Amino acid sequence: MEKKEIKKVLLLGSGALKIGQAGEFDYSGAQALKALKEEGIHSVLINPNIATVQTSQGVADTVYFQPVQPDFVERIIEKERPDGILLSFGGQTALNCGVELYQRGVLEKYGVKVLGTPVQAIIDTEDRDLFVKRLDEIGVKTIKSEACSTVEEVQRAAHELGFPVILRAAYALGGLGSGFCDNEEELLAQAEEAFSFSPQVLVEKSLKGWKEIEYEVVRDQYDNCITVCNMENFDPLGIHTGESIVVAPSQTLSNAEYHKLRALAIKIIRHIGIVGECNVQYALDPQSEDYRVIEVNARLSRSSALASKATGYPLAFVAAKLGLGYGLFELKNSVTKTTSAFFEPALDYVVVKIPRWDLTKFHGVKRQLGSSMKSVGEVMAIGRTFEEALQKGLRMIGQGMHGFVENHEIKIADIGQSLHEPTDMRIFVVSKALKVGYTIDQIHQLTMIDRWFLQKLKHLVDIDYQLKQYAQVSELAMFMDNTELMEYLEAPEFVSLLRAAKVYGFSDFQIARALGMESRMSMTEAGLMVRSWRKELGIVPTVNQIDTLAAEYPAQTNYLYLSYL
């Protein structure tokens, strides 16, 4: 079907609101609808979630507030008679629904063409057994595993592979039903849960402690490929990506590792036949360049939304256009209006995504983090250094924190155990551990967090300690007049320290607390005083834009951030 023949397209939306689904995929659906509108194509959206942008008036031409389930979708197809259907913009719910419609023969019955990635390619990535076989064909390593359909098969596979193992449910979103098992008892309990979500469960050899790396890859029907963004999990393998702090671009990979994984990602999606956007997730051995492919998401994901905002590259918009038959070389970046969609963004800044949890709202919930997702949202922060971006993000997660340091006291019964068994407070447990004298090597052994990240966190603790050495400033601020005080503050070593604190993400409030000013005045007053000092010393931020070529089009983007570097 040619582009000009496509007059009406059905888009399966992000489904009902629940953890791991819906809100995270609103961005991709809204972008796809924007692409259809630009082409003059009538869009039909099915989405029961009224709390989304994509269901707002004027975004889609026709909206059905119905469940994204095969029976409902078939009735709408019968009524609307669309020419094509987009499956990859509504998360796992939309993808599963589309696959079932295809297998039932509904799409063929009504002559509805699947736009973008073919359904067989989707099945190849979603069926864990098929996925492993497809990657074996091109010599790409996957985690040693076995697909099982009964608890007895799970037990046999686990004993053949040897504990510890991880169980994964096929066709499941957010790691539902997955978990690590160290013994028979844990295996049986996890298997029962996994089979409640899926008829197929994959038993895999555990690679806990390996790095988790992701690449967002785009391919058109002419076999042109680019990797738009690569990301690295702060936490090692064993914690779901949605539960982990994610850093873009990757910070701890060597040049050889980066390009090896990039080349593999392109090789994989060419072999599988993705058209549009997909996400390739790797486990990487921190002691060598050995790797395993964890999974390929043949759809837009949470990571895709993060990558789009982090790079200024509209992944979902471009993916929708590619699904309509365009080549990458024919498209412009819809944000910049000047750069081609056929280029890989280069980042001279760091983006950090931090999950948000509301576990206190749920009675009886376990606070431990693992391979099944519990977070209810996330924040994104941008800075010129990892430390700056991290501290900005920690101030936004709704836990009353001011950054990595200078927070209210957290009571931790056993720091060592809390490091080894991660919870939603893990990053602040690391902060506490560094303050009480744990070494980087000790924390690394307990958490398997890369030493590079731990060194950066230790750097923040060191700056905080140095600020505390100037506690007499708070006394001087109370008893000296402004002229005398500024002479003291203008000492080169203090100016240098104050500038470093701002470069690495300290808020004025944090600095004031480190200087001990809250004992002599309100923290609002103290923060304003620090702000006044640094402005007089010329320590002020600059406004940066993610894609500098977008400077001619300031109304087209909100991708701005403040930085002191």
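Just one of the listed residues (Pro67, Pro82) is surrounded by 16 or more Cβ atoms within 10 Å (Cβ to Cβ) and over 14 Å from Leu11 (Cβ atoms), namely Pro67. Give the range 440-456 a look and list any residue that's more than 24 Å from the chain's Cα centre (by Cα), among the polar types (S, T, N, Q) and modelled with pLDDT of 95 or more, or say none. Residue satisfying the conditions is Gln442 alone.
Scanning the range 107-121 for residues that are within 16 Å of Arg270 (Cβ to Cβ) and either modelled with pLDDT under 90 or part of a helix (DSSP H, G or I) (or both) returns Gln120, Ala121. A count restricted to the range 397-427 and to residues that are assigned to a helix (DSSP H, G or I) and surrounded by 20 or more Cβ atoms within 10 Å (Cβ to Cβ) stands at 4. Here is a check on your reading of the model: is Ser43 closer than 19 Å to Leu324 by Cβ, open to solvent by less than 10 Å² (accessible area, probe 1.4 Å) and either modelled with pLDDT of 85 or more or not in a helix (DSSP H, G or I) (or both)? Answer is yes for this residue. The set of residues in the range 472-527 that are in contact with a Phe, Trp or Tyr (Cβ under 9 Å, 6 or more places away or on another chain), open to solvent by 10 Å² or more (accessible area, probe 1.4 Å), in a loop (DSSP other than H, G, I, E, B) and modelled with pLDDT of 90 or more contains only Tyr504. Picking from residues in the range 114-140 that are among the charged types (D, E, K, R) and touching a Leu at 6+ places or on another chain (Cβ under 8 Å), the one that is most open to solvent (accessible area, probe 1.4 Å) is Asp129. The set of residues from the range 1-30 being at pLDDT 80 or above, of a type in the set (D, E, K, R), more than 18 Å from Asn279 (Cβ to Cβ) and not in a loop (DSSP other than H, G, I, E, B) comprises Glu5, Lys8. Can we say Ser288 is touching a Leu at 6+ places or on another chain (Cβ under 9 Å), of a type in the set (Ser, Thr, Tyr) and either in contact (Cβ under 8 Å) with a residue 12 or more places away in the chain or farther than 23 Å from Lys113 by Cα (or both)? Spelling it out, it is not the case that Ser288 is touching a Leu at 6+ places or on another chain (Cβ under 9 Å), of a type in the set (Ser, Thr, Tyr) and either in contact (Cβ under 8 Å) with a residue 12 or more places away in the chain or farther than 23 Å from Lys113 by Cα (or both). Within the range 534-550, is even one residue open to solvent by 70 Å² or more (accessible area, probe 1.4 Å), charged (D, E, K, R), at pLDDT 85 or above and out of contact with any helix residue (DSSP H, G or I) (no Cβ under 7 Å at 6 or more places or on another chain)? Within the range 534-550 (the criterion being open to solvent by 70 Å² or more (accessible area, probe 1.4 Å), charged (D, E, K, R), at pLDDT 85 or above and out of contact with any helix residue (DSSP H, G or I) (no Cβ under 7 Å at 6 or more places or on another chain)), the answer is yes, since at least one residue qualifies. Can you work out which of the residues in the range 242-289 that are part of a loop (DSSP other than H, G, I, E, B) and among the hydroxyl-bearing types (Ser, Thr, Tyr) is least open to solvent (accessible area, probe 1.4 Å)? This residue is Ser244.
The values are calculated or read from the model by the stated rules, or taken from the named source; none is laboratory data. The model shown is predicted, which means the values in this text are computed figures rather than measured ones. Every residue, glycine among them, receives a Cβ derived from its backbone with ideal geometry; neighbour counts consider all protein chains shown. Side chains included, ligands, DNA and RNA excluded: accessible areas come from the protein's heavy atoms. Shrake-Rupley method; radii C 1.70, N 1.55, O 1.52, S 1.80 Å.
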